[in-house]
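The values are calculated or read from the model by the stated rules, or taken from the named source; none is laboratory data. As the structure is a computational prediction, the values presented were derived from the model and not from experiment. Heads up, the Cβs are rebuilt from the backbone with ideal geometry, glycines too, and the neighbour counts pull from every protein chain shown. Keep in mind that these areas ignore ligands, DNA and RNA; they rest on the heavy atoms of the full protein, side chains included. Shrake-Rupley method; radii C 1.70, N 1.55, O 1.52, S 1.80 Å.
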Amino acid sequence: MGEPLISYDWCRETGGALTPAQRRTLLLRSLRTYGAQVKDIARLASGRRSTEPVRLPTAPDGALIDAAVEAARDQGPDIEGHGFRTWLFGGALADRDGVDLDPELFCVAAIVHDAGGAQAVGGEDFTIRSADIAMAALDLHGGDFSADRRTALRDGIVAHATAGVRPDESAIGAYVQAGALLDLAGMRITDLPGDTIREVFQRHPAGTVKQTIVRVIDEEARAVPEGRFALSRRLGLALAVRASPTLRR
């Protein structure tokens, strides 16, 4: 896929518009992702799922986390709740996979990853705004963060919207994406025990997130017609959200 599609600098420079070659690459990755969702739903229907316990992440203390929570809250309860469930599910999947995440950066990235999508801006991929929100909180409350950690945070937020991003490309982006897709579309739902899924939704109920996210997808696709969400919408992302086994409640 190449470094540019998971970098903030690429997204800022292009507004998130894909070249034909990039679109073809993401098309193949998206199709593999949707194929995995079908398998997950089939496994769930047959009663096959993991029963091995996993650890849900614990929020680090500090003003940076408080600022991220406040930024997510400003976007309304559906986006806020989705951010928290993304953090919990993504952290649990990383634990299942044996992947170590920077707990502070991952918490911030997950909580605010969709904060920029509350209102679409023509020609500007929403993850730019989400990353800017995170970096503003970091500049005010993050203390002395290294350049590498700053880059990992903003690139991870941008990368989460790139289909099929892998942990070796961006660990933060991969598990923000994994947590978000489990929450909204049921992807990898059978990798976590049912009790874990229920606990997360008890802590942070779904509310009307399905309707909110479908609206965000539609508005983002119109705002950036050559962007990643426009491609995902054409491939059925909104339908996957509507059919999600996690949101049938």
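Here are some notes:
- Relative intensity, log₁₀ I(q)/I(0), of segment 129-176 from a Debye sum that treats every alpha carbon as a point, q = 0.16, 0.20 Å⁻¹: -0.42, -0.63
- Both radii come from the Cα set of the chain: Rg as radius of gyration, Rh as Kirkwood radius; their ratio Rg/Rh reads 0.93.
- Note, ³J(HN,Hα) from phi for segment 137-142, Karplus 6.51, -1.76, 1.60, rounded to Hz, x at Gly and Pro: 5, 5, 5, 7, 10, x
- The peptide list 216-223, 95-102, put in order of mean Cβ contacts within 10 Å with the highest first, becomes 216-223, 95-102.
- All Cα pairs of segment 116-249, percent lying beyond 18 Å: 60
- Using the Stokes-Einstein relation with a Kirkwood hydrodynamic radius computed over Cα pairs, the translational diffusion coefficient of segment 179-241 at 4 °C and a viscosity of 1.567 mPa s comes to 101 µm²/s.
- Quotient of Cα Rg and 2.2 N^0.38 Å for segment 61-188, N being how many residues it contains: 0.95
- Solvent-accessible surface of segment 105-225, averaged per residue with a 1.4 angstrom probe and all protein chains in place: 35 square angstrom.
- Packing-based order for 66-73, 179-186, 233-240, using average beta carbon neighbours within 10 Å, highest first: 179-186, 66-73, 233-240
- Solvent-accessible area of the chain (1.4 angstrom probe, protein heavy atoms only): carbon and sulfur portion equals 52 percent.
- Pair residue 28, residue 139: separation of 7 Å Cα→Cβ label points (nm): 3.9
- A straight chain from residue 52 to residue 203 at 0.36 nm per residue would run longer than the Cα-Cα distance by 52.3 nm.
- Extension gain, residue 146 to residue 100, is 14.7 nm, computed as 0.36 nm per intervening residue step minus the present C-alpha separation.
- Each Cα pair under 8 Å and six or more residues apart adds its separation to the average, and for the chain the resulting relative contact order is 29 percent.
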